[in-house]
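Asks: Let me begin by handing over the structure; questions about it come next.
The values are calculated or read from the model by the stated rules, or taken from the named source; none is laboratory data. Quick caveat: nothing in here was measured; it's all calculated off a predicted structure. Positions of Cβ are generated from backbone atoms using ideal geometry, with glycine treated the same way; all protein chains shown enter the neighbour counts. Only protein heavy atoms, including side chains, enter the accessible area calculation; ligands, DNA and RNA are left aside. Shrake-Rupley method; radii C 1.70, N 1.55, O 1.52, S 1.80 Å.
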Amino acid sequence: AKETGRNNFQFYTSSMNERAMERLRLEGDLRNAVERGEFVLHYQPQVSVDNNQVVGVEALIRWQHPTLGLVSPARFIQIAEEMGLIVPIGAWVMRTACRQSMAWQREGYGEVRVAVNLSARQFYQQDLATTIFDILQETGLPPHLLELELTESMMMADVEHAALLLRKLKTLGVQLSIDDFGTGYSSLAYLKRFPIDLLKIDQSFVRDITVDPDDAAIVTSIISLAHSLRLDVIAEGVETEAQLAYLRRHGCDYMQGYYFSRPVPAPEVAHMLTQRKER
Ligand code: C2E
Ligand code: CA
Ligand code: CA
Ligand code: CA
């Protein structure tokens, strides 16, 4: 290993340089991406376990970069967060998702609940509730059709703040869910203090649900915990029939994952809502 040390070193420096270069470039381009209208939302259906109907969608952002193509949020959300740009981007996401749900309603697809992700920066944004209130007013979306996803780790990092903020958001009439649940070491006592509606079981537990008894046990306990607190549960990352069957057998309420659909542009969601309309 000693002899290759030097080559490894060169390899790492050049790949570090590449990453630094990419980051610099993305930073520069991100500043103008909002005004240039380069962001798009894809929507992933959330399906009711009872009847396989699409009850809502999660809005997931993508960046249509002029030369890099479609850039995934994993590559730019963190950077946008550090630059503070996530606040205007987050407001754009919310406004666009609310408008889209209204558009589906106007087109006769009925009520489509739309979930948006909140970043840590928004979690601490002073005027977050006001921003959301304004967007609801402006778009006319009934508040119960907007769902805000906050990650468990974000909430556990500051439970006092989380309790205050969630109570404030709840007065707007929106739905609140805890994302990536099971990864952030929630204490049950805290869960009871938060006015939340929905737990989202993290996909890392769903993945091996049918092969790993520990993951299966975690998932079934999350479901019964949620139900005893009168919360609904949604499993994310559902990819197979076997996972679906397991979740159905254990009383999970909703599912989301590639098994049903990848996140897709709005017109493709309309297609899935059409099937719902025809039932
Ligand atoms: P997340 O909120 O946990 O979203 C779920 C991610 O899992 C999405 O990745 C989704 O495409 C992917 N996924 C869905 N079903 C499956 C499946 O069956 N199998 C597998 N392997 N993956 C599945 P995506 O769209 O790349 O988003 C990644 C993360 O970026 C999101 O994780 C979220 O934390 C963040 N993000 C996305 N959009 C936004 C946004 O508008 N605002 C903020 N703040 N963060 C966002
Ligand atoms: Ca999410
Ligand atoms: Ca998640
Ligand atoms: Ca409920």
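Asks: Can you tell me which residue in the range 127-141 is farthest from residue 57 (Cα to Cα), limited to those that are in a helix (DSSP H, G or I) and open to solvent by less than 10 Å² (accessible area, probe 1.4 Å)?
Replies: Of everything passing the filter in the range 127-141, 128 is farthest from residue 57 (Cα to Cα).
Asks: Something else: Go through the residues of the range 52-68 one by one and say whether even a single one is in contact with a Pro (Cβ under 8 Å, 6 or more places away or on another chain) and among the polar types (S, T, N, Q).
Replies: no
Asks: Right, residue 123: more than 16 Å from ligand 3 (Cβ to nearest atom) and aromatic (Phe, Trp, Tyr) or not?
Replies: For residue 123, the condition - more than 16 Å from ligand 3 (Cβ to nearest atom) and aromatic (Phe, Trp, Tyr) - is not met.
Asks: Now for a different question. Can you report the number of residues in the range 62-117 which are over 25 Å from residue 180 (Cα atoms) and either free of Cβ contacts under 8 Å to residues at least 24 places away in the same chain or of a type in the set (A, V, I, L, M, F, W, C) (or both)?
Replies: Looking only at that region, the number is 8.
Asks: A follow-up question, please. When you scan the range 32-66, how many residues do you find that are of a type in the set (Asp, Glu) and within 16 Å of ligand 4 (Cβ to nearest atom)?
Replies: Of the residues in that region, 1 qualify.
Asks: Shifting gears a bit: Taking interchain pairs and intrachain pairs at least six residues apart, which have beta carbon atoms under 6 angstrom, with the first residue in the range 221-245 and under 21 Å from residue 194 (Cα atoms) and modelled with pLDDT of 95 or more and the second within 16 Å of ligand 4 (Cβ to nearest atom) and in a helix (DSSP H, G or I)?
Replies: Pairs that qualify, where the first residue is under 21 Å from residue 194 (Cα atoms) and modelled with pLDDT of 95 or more and the partner is within 16 Å of ligand 4 (Cβ to nearest atom) and in a helix (DSSP H, G or I), are 233/223; 233/226.
Asks: Go through the range 219-254 residue by residue and tally those that are touching a strand residue (DSSP E or B) at 6+ places or on another chain (Cβ under 6 Å) and within 13 Å of ligand 4 (Cβ to nearest atom).
Replies: Final tally of qualifying residues: 7.
Asks: Name the one entry in 127, 134 that is of a type in the set (D, E, K, R) and closer than 26 Å to residue 159 by Cβ.
Replies: 127
Asks: Moving on. Checking residue 267 against (1) in contact (Cβ under 8 Å) with a residue 24 or more places away in the chain; (2) open to solvent by 10 Å² or more (accessible area, probe 1.4 Å); (3) assigned to a helix (DSSP H, G or I), which test does it fail?
Replies: It fails just one condition, (1).
Asks: Taking the range 85-119, which residues are at pLDDT 95 or above, more than 16 Å from ligand 4 (Cβ to nearest atom) and small (Gly, Ala, Ser)?
Replies: Hits for the range 85-119 are 90, 91, 97, 101, 103, 119.
Asks: Okay, next question. What number of residues in the range 46-68 are within 10 Å of ligand 1 (Cβ to nearest atom) and under 19 Å from residue 110 (Cα atoms)?
Replies: 2
Asks: Right, next: For the range 142-171, enumerate the residues that are of a type in the set (D, E, K, R) and surrounded by 15 or more Cβ atoms within 10 Å (Cβ to Cβ).
Replies: Result: 147, 149, 152, 170.
Asks: Which of the helices (runs of 4 or more DSSP H) contained wholly in the range 48-125 include at least 3 residues that are open to solvent by 60 Å² or more (accessible area, probe 1.4 Å)?
Replies: 73-83, 86-106
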